[in-house]
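For reference, the structure discussed in these notes is given below.
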Amino acid sequence: MKINGEFIVREVVGEYILVPVGDTALHFNGIISLNEVSASIWKGLQEGKDKDQLLEGVLEEFDVSREVANADLEEFLQLLQKNQLLV
């Protein structure tokens with residue numbers, strides 16, 4: 001999985017937002033709000049981690065069962081793919 005375009009994660013007043021930059025900003029209007037888990041997953045995607053590594057990262061960072069973490073990861077990745085943010 002690879003991120004489609006250029007985005008940066010910013011924390012603003014305790015909230016995480018995904019902001020398009022560079023040429024991506026010309027084609028993508030708006031920003032995306034992320035929670036702590038999705039921000040962590042996004043950062044992992046930026047580092048080139050695969051799905052298994054993303055899941056392990058969520059399990060290490062947050063107090064959640066493997067089943068819940070996997071379901072949340074799947075949902076977030078599907079949302080990114082649906083909105084063409086992943087290649």
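Look at (1) modelled with pLDDT under 90; (2) over 12 Å from the mean Cα position of the chain (by Cα); (3) surrounded by fewer than 16 Cβ atoms within 10 Å (Cβ to Cβ); (4) not basic (Lys, Arg) and you find that Ile8 fails only one, number (2). Contact list please: Cβ distance under 8 Å, first residue in the stretch 74-87 and farther than 10 Å from Ile3 by Cα, second residue open to solvent by 30 Å² or more (accessible area, probe 1.4 Å) and modelled with pLDDT under 90, pairs at least six apart or on different chains. Here the result reads Leu77/Met1, each pair linking the stretch 74-87 to a residue that is open to solvent by 30 Å² or more (accessible area, probe 1.4 Å) and modelled with pLDDT under 90. Residues in the stretch 31-53 that are in contact (Cβ under 8 Å) with a residue 12 or more places away in the chain and either among the aromatic types (Phe, Trp, Tyr) or over 18 Å from Leu18 (Cα atoms) (or both): Trp42, Asp50, Lys51. Screening the stretch 23-37 for residues that are open to solvent by 100 Å² or more (accessible area, probe 1.4 Å) and either acidic (Asp, Glu) or farther than 15 Å from Leu85 by Cβ (or both) and picking the one that is modelled with the highest pLDDT gives Glu36. One residue stands out among those in the stretch 38-73 that are over 13 Å from Met1 (Cβ atoms) and of a type in the set (Lys, Arg): the one that is least open to solvent (accessible area, probe 1.4 Å), which is Lys43. Listed by first and then second residue, the pairs linking a residue in the stretch 7-22 that is free of Cβ contacts under 8 Å to residues at least 40 places away in the same chain to a residue that is assigned to a loop (DSSP other than H, G, I, E, B) and aromatic (Phe, Trp, Tyr), with Cβ atoms under 9 Å apart and 6 or more places separating them unless they lie on different chains, are Pro20/Phe28.
The values are calculated or read from the model by the stated rules, or taken from the named source; none is laboratory data. These numbers come from a predicted model, not from an experiment. Cβ atoms come from the backbone with ideal geometry, glycine included; neighbour counts cover every protein chain shown. When the accessible area is computed, the model is the full protein with side chains, heavy atoms only, and any ligands, DNA or RNA have been set aside. Shrake-Rupley method; radii C 1.70, N 1.55, O 1.52, S 1.80 Å.
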